[in-house]
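A.B. asks: Please read through the structure below; I'll follow up with questions.
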Amino acid sequence: MVGALAAVAKSVTSAATWGGMTGYQWAILGGALAFIGGGMGSSIGITYANHVASGILVEDPDKFGPLLPIIAIPGTQGIYGFITAILVPILFSPLTKITAHKGMLVFFSCLPVAFVCFLSAIYQGLSSASSAAMVARRTEEAGKALILPALVETYAVLSLILTIYLFTQIR
Amino acid sequence: MAIEPVKKTTVIVHRSLQDEVVNELQKLGTVHVDPVEDNDYITAKQLAPEETHALREYVFRISEVDFLLGFLKENRREKAGFFKTMIKDKYPMTIDEFMRAEEHLDIKNLYADCSGLERRLIVIRDKKARLEQEKEALGNWTELGMPLSEVRGGDSFGVMAARVAISEMSAFDDELNAEVPETALEKVSRRGAWTYCLIMLLQETEEKVTVVLSRHGAEQVALPETTEEPLARIQQIEGELAALEPEREEVLGLVEEKQTAVPALNVVREFYESQRQKIDTMTSFGVTESTVAIEGWVTERGLPRTVERLNQVSDELALELADPGEDDDPPVSLINHKWIRPFEMLVKMFGPPNRLEYDPTWLFAISFMVFFGFCIGDVGYGIVLVVAFLLMRKYLPFGRKVKDLLTALTYGSAMAIVFGVLTASWFGIETKELPQAMRSMAVLDPLKSSQSTLIVMGVCIAMGLVHMLSGVGVELRDNWRAGNKVDALIDQGLVFLLFVGGGIAGVLVAIKVLPMPVAMGVAGAAILGMLVLLGRGAASVPGKIITGVYETYGTVVGFVSDAISYIRLFALGLATFIIGFVINTMAGLVQGIGPVIGILLMILILVVGHTFNVLINLLGAFVHPLRLEFVEFFGKFYDDGGRDFKPLGIDSKIVMIDEKEGA
């Protein structure tokens, strides 16, 4: 049994393709997924914050300044996804030479960013929307309102750190 | 670098001198007024009828000025640009100029003029809206070619105007012929998705026709009342609309002439607001039959000036000064070195420190600068930001708080230059492309190898541990000074033993000065001490054991997880570099398109791209270090809940009082 598993592991490690895809394709898919997750989450998150902010701006256009950073905060997850996608070809250059096994590892390493950034950006958007409502009533508390959504981002940051750490282990 | 000592101040004056004293205190801006509590001798002041009248008068005048400002803003020919909406105009002046602000403005006349102009504009607007509505309605019947007043029924038949959806017209026509054959349908025009038509019908069939109309989602419409043919009337309306325009322009021209009053109105509004606040503050005073007592707090810095100026008001004024008593809750005023002062507003964002607390602004300032610098971490961006913040501070009309923020960010940007040099980050240019001189200054390149990436992460964790331990140190000091020496030695001392003692021992083990068991022994002793002593507050022995285990777990795991949180600095710094690198790569790709267009496109991508990169990372570089300060650092020691020292004065966001002249 153990011998059979070791043989499977060896075949996967040395195979040119896995699941019909080369290592290059797996790595690119991982990077792309990271950006898709982060980018989609950020777009949705910013939209949530925008809904509330636009309502406030209709009533009081002077609040644009304090509201802008609060609306922009959920945009960072998209950037984390982007960084991950860019790091893949930088750290595993030349990407075309990467084995299927290594490509798979890169793919799995990208998943924390892909999923965590997707969800955290959406929830950060909801949190930003609440903060925007706070600014509508008490503009002087804009500083505190900016910090609260940043707490949600912790897990997006951790996912990026984990992904980068896993990359270093593959290299 | 501390919480400034304050003196409890009581001013007792004859009632006749009250206004004079309050005016002086407001000009001085050094006394934080607190409500006087009732006792056997003093009762809380009720506003006199003339003061209540004055208060109402100021509220009324503020509403008048608000109307004027709103009206002038709404009818301004040139709308305010993006920056104008972001940055409000500021009005620097002396306190005496501010107090005389009303003299330069005839508000009553201005109000009467603007009210008249507003009425004229409303009449014009209403007339225009009515004419445009009529024109739109007439537009549906232009093909009729006859005066609409002539489209009417007789004694036994009527004419109904209706609109039917084009897609329903055929079905509607068929059903109308089948259900009410004694009607005639005249299709007049098609506009958008509708066919406008006239239905000639017998009076008694009107209900049936209405039913058919509703079945097809059609509706009756009213014919505009005019004796003219639709086209002729439309031409008339256009003439009337054109005639309204010069009148509207004339009124707007008159409004434009009034725009010069806006700065003075803004200042006057602030003046009225300050007077309203002044009367509001009077309700905090205490009174006897013939005197008024004003209680408050004055800082040691403001004391000599306050005493001198109050003594100048009258000889018949008693000024008592005392140190805060046990039961007093004095407001908190921070006193810091000039370069640290800009960071006070960031500390206060969390909440001013408790008055018995250590003022951590200097620690906050150093760590915030370092973290901000680490997040930007690029020489080029650092230089651009330093220059931009300095220029903004100098040339843009910001208030004190924003100027303080810009100063704090300037320091942080200077640190970004330092970290950029150390990590070989120059506008995101790839390290191997940099000149040897720049590369040789770098000590850390996070993308060079897996090991260097891990080293940078380790540096972040180390910075975090130092940051958090400095917070523990502050708490140790507070406990020690408060006489809780045992608590200080156990609660904070053991943390130091574990992380500082254990860390030093670990390093000595690594360089083979000490054997491993010694380091293990130091860390083990600290953890054992925590297990035994952290539960000392519990009443029973099992309680002590359970609390000890729980507290030890919380302290050790909390510290480790908090330290990991600092790796975000690496992630944010890397984000700045990577985006810059991608922008440079994109610019490099378009360079070869053509000799001129390629260069132009490259410059465009570089300028727009790097500007975007700086702006987006500026947000993260501000928010995340602030979070590390508020959550990880303050969480170790900081007790907020202090009352901010807010002296009675001119509290305005747009009027900048020249303190030297006003003093």
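A.B. asks: Within the range B:191-204, track down each residue that is within 60 Å of the chain's Cα centre (by Cα) and surrounded by fewer than 15 Cβ atoms within 10 Å (Cβ to Cβ).
C.D. replies: B:G192, B:A193
A.B. asks: Show me the helices (runs of 4 or more DSSP H) found entirely inside the range B:1-90 where at least 3 residues are touching a strand residue (DSSP E or B) at 6+ places or on another chain (Cβ under 7 Å) and either at pLDDT 85 or above or aliphatic (A, V, I, L, M) (or both).
C.D. replies: B:18-28
A.B. asks: Please determine whether any residue of the range B:581-602 is within 8 Å of another protein chain (Cβ to nearest Cβ) and either crowded, with 21+ Cβ neighbours inside 10 Å or modelled with pLDDT of 85 or more (or both).
C.D. replies: yes
A.B. asks: In addition: Hey, does the range B:621-641 have a residue that's acidic (D, E) and part of a loop (DSSP other than H, G, I, E, B)? It would help to see each step written out before you state the result.
C.D. replies: Taking the range B:621-641 first, the residues acidic (D, E) are B:629, B:632, B:639-640.
If we keep only those that are part of a loop (DSSP other than H, G, I, E, B) too, we end up with B:639.
Yes, the range B:621-641 has at least one match.
A.B. asks: Residues of the range B:328-360 being part of a loop (DSSP other than H, G, I, E, B) and of a type in the set (K, R), which ones?
C.D. replies: B:K338, B:R355
A.B. asks: Which condition from (1) within 14 Å of B:G382 (Cα to Cα); (2) buried (at least 18 other Cβ atoms within 10 Å of the Cβ) is the one that B:L615 breaks?
C.D. replies: Evaluating B:L615 over (1) within 14 Å of B:G382 (Cα to Cα); (2) buried (at least 18 other Cβ atoms within 10 Å of the Cβ) leaves (2) as the failure.
A.B. asks: Could you check the range B:264-293 and list, in sequence order, the residues that are closer than 14 Å to B:H104 by Cβ and free of Cβ contacts under 8 Å to residues at least 12 places away in the same chain?
C.D. replies: None - no residue of the range B:264-293 is closer than 14 Å to B:H104 by Cβ and free of Cβ contacts under 8 Å to residues at least 12 places away in the same chain, so the list stays empty.
A.B. asks: Check B:R536 against each of (1) of a type outside the set (A, V, I, L, M, F, W, C); (2) touching a residue at least 40 places away in the same chain (Cβ under 8 Å); (3) touching a Ser or Thr at 6+ places or on another chain (Cβ under 6 Å); (4) more than 13 Å from every other protein chain (Cβ to nearest Cβ) and name the one condition it does not meet.
C.D. replies: (3)
A.B. asks: Does B:L356 qualify as being surrounded by fewer than 20 Cβ atoms within 10 Å (Cβ to Cβ) and over 14 Å from B:F622 (Cα atoms)?
C.D. replies: Yes: the conditions hold for B:L356.
A.B. asks: Can you list residue pairs whose Cβ atoms sit under 6 Å apart, with the first residue in the range B:438-457 being without any contact (Cβ under 8 Å) to a residue 12 or more places away in the chain and the second being among the acidic types (D, E) and part of a loop (DSSP other than H, G, I, E, B)? Count only pairs 6 or more apart in sequence or on different chains.
C.D. replies: B:S452/B:D445
A.B. asks: Right, something else. Tally time: how many residues in the range B:448-492 are of a type in the set (S, T, N, Q), surrounded by fewer than 20 Cβ atoms within 10 Å (Cβ to Cβ) and more than 14 Å from chain A (Cβ to nearest Cβ)?
C.D. replies: Residues that pass the stated criteria total 2.
A.B. asks: Moving on. How do the pairs read when you match residues in the range B:333-352 that are more than 9 Å from every other protein chain (Cβ to nearest Cβ) and surrounded by fewer than 21 Cβ atoms within 10 Å (Cβ to Cβ) with residues anywhere that are of a type in the set (D, E) and in a loop (DSSP other than H, G, I, E, B), using Cβ under 6 Å and keeping only pairs 6 or more apart or on different chains?
C.D. replies: As it stands, the answer is B:I335/B:E4, since those pairs meet every condition given.
A.B. asks: In the range A:141-166, which residues are more than 14 Å from B:I564 (Cα to Cα), buried (at least 22 other Cβ atoms within 10 Å of the Cβ) and more than 7 Å from chain B (Cβ to nearest Cβ)?
C.D. replies: If the condition is that a residue be more than 14 Å from B:I564 (Cα to Cα), buried (at least 22 other Cβ atoms within 10 Å of the Cβ) and more than 7 Å from chain B (Cβ to nearest Cβ), then A:A145, A:P149, A:V152, A:E153, A:T163 are the ones that fit.
A.B. asks: Further question on the same structure: Kindly indicate the residue of the range A:56-70 that is closer than 18 Å to A:E141 by Cα and aliphatic (A, V, I, L, M) and also farthest from the other protein chains (Cβ to nearest Cβ) among those meeting that condition.
C.D. replies: A:I56
A.B. asks: Something else about it: Do you know which residues across the range B:559-575 are more than 10 Å from chain A (Cβ to nearest Cβ) and over 24 Å from B:G471 (Cα atoms)?
C.D. replies: Answer for the range B:559-575, where residues must be more than 10 Å from chain A (Cβ to nearest Cβ) and over 24 Å from B:G471 (Cα atoms): just B:G573.
A.B. asks: Every residue in the range A:71-106 that is facing chain B (nearest Cβ under 10 Å) and either touching an Asp or Glu at 6+ places or on another chain (Cβ under 6 Å) or closer than 29 Å to A:R138 by Cβ (or both), please.
C.D. replies: A:A72, A:I73, A:G75, A:T76
The values are calculated or read from the model by the stated rules, or taken from the named source; none is laboratory data. Please read all numbers here as calculations on a predicted model, not as lab measurements. With ideal geometry, Cβ positions are generated from the backbone for all residues, glycine too; neighbour counts draw on all protein chains shown.
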